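> Shown below is the structure under consideration.
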Amino acid sequence: MEREARTADLIAEGERWGAHNYLPLPVVLTRGEGVWVWDVEGKRYLDMLSAYSALNHGHRHPRIVAALREQADRLTLTSRAFLNDQYGPFLRELCEYTGYARALPMNTGAEAVETAIKAARKWGYERKGVPADTAEILVCEGNFHGRTTTIVGFSSEPEYRAGFGPFTPGFRRIAYGDADAVEAAITDRTVAFLVEPIQGEAGVVVPPEGYLERVARLCRERGVLLVADEIQTGLGRTGRRLACDREGVRPDILILGKALGGGVYPVSAVLADDEIMDVFTPGTHGSTFGGNPLAAAVGRAAIRTTVDERLAERAEELGAWFIEELRRIESDAVAEVRGRGLLIGVVIRGEAGTARRYCETLMERGILAKETHVHVIRFAPPLIITRAELEAALLVIAETLTAPPA
């Protein structure tokens, strides 16, 4: 009872002193290792969320933590007023990994999206010749690119927008997964199409096969930049280095984040070739913490670990098997299982209740997952997970889905 009171007290303390902008599951975690986390009462859970793909390498990966500690003992911050010995090597390794000429490091995913928006607009004015302050960027229904006022301004979710206007103009929403909609929406003032290769927050929505390839071709033909937000899908999550790789698509601007920080530090980046990146000159953009030595050292370790441990290949093999096994579960509660690699959504039928009810039951049974868009359970375990661990999880998931919670 005393230990349970500890959990209740910590939850109450967070509620008392924190803004109520999240509704987390009622678990208080204190330790993590690999694919496992422990709460303050000592109970162990399998992490099937991975901090929305930020923990692709698992909790406290020894190689990444070692890089963090080593760098923390030497130098943590210089600002961009000075250079540091990790900055150049990090950008080189990131560019070599992704195949782009240049990278611009930031901190959070939302910052990277904002940076990409600025790059696309400036490119539109300076390279494409769009009249000043008239550039338009196409975005998709169901998009999730962050929480800044600019970004929520072009969200299609009323909850994300209500009370935060007026919003930045220059964005137009079109249907996701519909290449014809992209073709019809492009005008002479369209500078970019910003898209998630798979919409994670919208419920792991996978576009039709060939969609990315066709919109990439349309963008090339019409002089529009294809901007891919791979913050959740990049660095192996969907079974490829990048989700765009599945269709052989190379975006004009690539946005990375989350897993780039190895689960220990916020690191994000925008990547592009010279024609686009050269629109930035001294004073046009910046970040005190972007490219700091601690972040750069962590980012280098995260990239190397992703490659050396073949995390994309693991996600492809285990993800294909796991999706098929989930589809084999005979449950009246499940409408659909969709995803790529180890980014998977289980859609719960409306009459079977909300996904949160199932997530709460899974939590009680030792698995941490999280609902998204009311009726979707998202499963996205660390890419280091083993088949044996997934097999054990499947038994619990099947029991939960076939015997719905009261």
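> Only one of 125, 100, 160 is among the aromatic types (Phe, Trp, Tyr), in contact with a Lys or Arg (Cβ under 9 Å, 6 or more places away or on another chain), over 18 Å from residue 174 (Cα atoms) and assigned by TED's automatic domain parsing to the domain that holds residue 175. Can you tell me which?
Of the residues listed, the single one that is among the aromatic types (Phe, Trp, Tyr), in contact with a Lys or Arg (Cβ under 9 Å, 6 or more places away or on another chain), over 18 Å from residue 174 (Cα atoms) and assigned by TED's automatic domain parsing to the domain that holds residue 175 is 100.
> Of all residues in region 252-298, which are of a type in the set (Ser, Thr, Tyr) and either farther than 30 Å from residue 381 by Cβ or free of Cβ contacts under 8 Å to residues at least 60 places away in the same chain (or both)?
In the first step, residues of region 252-298 are kept if they are of a type in the set (Ser, Thr, Tyr); the result is 265, 268, 281, 284, 287-288.
Selection gives 281, 284, 287, 288.
> Can you tell me which residue is surrounded by the fewest Cβ atoms within 10 Å (Cβ to Cβ) among those in region 264-291 that are touching a strand residue (DSSP E or B) at 6+ places or on another chain (Cβ under 8 Å) and outside any loop (DSSP other than H, G, I, E, B)?
274
The values are calculated or read from the model by the stated rules, or taken from the named source; none is laboratory data. These numbers come from a predicted model, not from an experiment. Glycine gets a Cβ as well: all are built from the backbone with ideal geometry, and neighbour counts include every protein chain shown.
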